[in-house]
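J.: Take a look at the following structure, please.
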Amino acid sequence: MSVSTCPSEPLAEDAGANGLDAVDRAIVLATQAGLPLVPDPWGAVGKPLGLAGEEVRARLQRMQQSGVIRRIAAVPNHYRLGYVANGMTVWDVDDAHIDRLGREVAAIPGVSHCYRRPRHLPEWPYNLFVMLHGKSQAEVERQAEALRERLGEACRDHRILYSSRILKKTGLRLARRPGPPR
């Protein structure tokens with residue numbers, strides 16, 4: 001699992017400009033590359049920092065609630081799981097329906113990413129981007145057809161853009177400061 005961070009207002013007066021005090025920053029640095037795969041990952045993160053696992057968990061929850069951390073989630077390697085056909089489907093959806101349909105699509109099991117994006121007419125009419133994963137291109141195409149049916153009359157066109165190579169995916173990373181944490 002990884003921790004994704006985003007800008008926010010400071011959490012406390014002793015917090016830095018990015019909203020993290022020294023302990024929170026140390027926790028983010030310790031988790032940003034992933035949590036240890038052990039029975040008690042919070043305790044494993046906290047031990048070198050001199051914190052109990054429950055304190056680590058509570059601080060991460062507080063950072064998430066305040067918006068400093070967007071989410072804590074598993075980030076699977078789709079290829080290792082056998083999902084070698086990865087298709088970014090792009091959809092031309094009627095703007096009057098895109099908010100509702102986008103929320104419905106994002107809730108479909110198997111949809112890993114669902115974004116509304118601006119059109120770039122006339123070259124690029126697509127405004128809904130949905131990532132689908134399958135063990136074959138035929139499987140992705142079946143998922144896309146089911147999605148097309150769900151979008152109904154609001155959908156005017158779509159394309160499937162398949163991944164041609166694997167890119168390293170990481171969230172925002174904090175730079176390590178030299179010396180002990182302040």
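J.: Considering only protein heavy atoms and a 1.4 Å probe, what is the carbon-and-sulfur percentage of the accessible area of segment 85-174? Intermediate results must be reported in sequence, preceding the final value.
T.: Numbers: 2960 of 5660 Å².
For segment 85-174, the apolar C and S fraction of the accessible surface comes to 52 percent.
J.: Given the peptides 107-116, 135-144, arrange them by the average over their residues of other C-beta atoms within 10 Å, most packed first.
T.: Packing proxy ranking, top to bottom: 135-144, 107-116.
J.: In nanometres, what is the gap between the two model label sites at E123 and R62, each 7 Å from Cα along Cα-to-Cβ?
T.: For the pair E123/R62, the computed spacing is 4.9 nm.
J.: Please give the peptides 20-28, 48-56 ranked by average Cβ packing (other Cβ atoms within 10 Å per residue), highest first, as a rough proxy for protection. Don't skip to the end; give the middle numbers.
T.: Details: 20-28: 20.0, 48-56: 14.6.
Result, highest mean Cβ count within 10 Å first: 20-28, 48-56.
J.: Given 25 °C and 0.890 mPa s, compute D for segment 92-159 with the Stokes-Einstein relation, Rh being the Kirkwood radius over Cα pairs; round to the nearest whole µm²/s.
T.: Rounded to a whole number, D works out at 199 µm²/s.
J.: Between R71 and A22, take the C-beta separation as r, use R0 = 35 Å, and let me know the FRET efficiency to the nearest 0.05.
T.: Values: r = 23 Å, r/R0 = 0.66.
Given R0 = 35 Å and the Cβ-Cβ separation, E is 0.90.
J.: Zone of R116 (label point 7 Å along Cα→Cβ, backbone N under 18 Å): which residues in segment 83-103?
T.: It comes to 90-103, nothing else.
The values are calculated or read from the model by the stated rules, or taken from the named source; none is laboratory data. Keep in mind the model is a prediction, meaning the values are calculated, not measured. Heads up, the Cβs are rebuilt from the backbone with ideal geometry, glycines too, and the neighbour counts pull from every protein chain shown. Just so you know, the surface numbers come from the protein's heavy atoms only, side chains and all, with ligands and any DNA or RNA stripped out. Shrake-Rupley method; radii C 1.70, N 1.55, O 1.52, S 1.80 Å.
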